[in-house]
Amino acid sequence: MTFATMRSFILGLVLLFGASLPVQALTEEQLLDVYSHAYGSSGKLTKADFKQIVRFELLAADWNSELAPMVKGLRDPGMVPAEWARSARRSLDQVAQVRLKMAIAVSQVEDQSARSLVRQISDINGQMLTAWEDLRQAVMDGDDAAYRRAGMRAQALAQEKVTVAGPILRRLREKVGDKAVDGALERELRELSRKLGL
């Protein structure tokens, strides 16, 4: 995939992060500079690394999208455990595929700092997948104690992921400003809330 082909994805990500610059004003060099800084690269990211990080970020959005129906189902007071478990199995199968694609993207990032960050997030996602599998099994078994343990583990891992991603957001703020990043986060939270029916 060439840089030109990826441009619509990249521009979407820049909008996701709420860059205050007009999209048309962002050059390839500016995008590489923003991402190099955000991911703590020792130098400027190569286009190949940039491409894999963009792929990883898109997969992270897919990850969240696939998990959203499971979370929404758990919040439904009329949830039937067997039906939720069947639906969760399909979602978890999709999440596992996303996780595999994330691992492939991570393996292709050469910059050590950037690879370390995306690998940490990918590894946490792997542990989260296991926690969700355990949670699904607990629902199927009707085991409240196992359900609570798996739920607490999934929540702790989500917090760990926030901790790892925090420095990326801080560095994005340094490049594009607080208002731009806060606006993008608010849009993402509203979309997630919509998907979860909150």
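Taken together, the values in this text are just the output of simple stated rules run on the coordinates, not laboratory data. As the structure is a prediction and not an experimental result, all values here were calculated from the model. Here Cβ is always computed from backbone atoms with ideal geometry, including for glycine, and neighbour counts include all displayed protein chains.
Tabulated results
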read-out: Derived scalar couplings ³J(HN,Hα) [region 155-169; Karplus, 6.51 cos²θ - 1.76 cosθ + 1.60; whole Hz; x for Gly, Pro]; value: 5, 5, 5, 4, 5, 4, 5, 4, 5, 5, 7, x, x, 5, 5
read-out: Projected label distance in nm at GLN30 and MET152, using a 7 Å step from Cα toward the beta-carbon; value: 4.9 nm
read-out: Label-to-label distance, nm, for residues given as ARG89 and ASP141 (7 Å Cα→Cβ offset); value: 1.7 nm
read-out: THR163-ALA61 FRET efficiency (beta carbon distance; Förster radius 25 Å; 0.05 resolution); value: 0.80
read-out: For region 75-170, alpha-carbon Rg relative to the globular expectation (2.2 N^0.38 Å, N residues); value: 1.24
read-out: Cβ-derived FRET efficiency at R0 41 Å, LYS179 paired with SER113, nearest 0.05; value: 0.95
read-out: Entries in LYS101/LYS161; LYS51/LYS101; LYS101/LYS179; LYS72/LYS161; LYS51/LYS72 that, when Cα-Cα distance is taken, lie over 24 Å; value: LYS101/LYS179; LYS51/LYS72
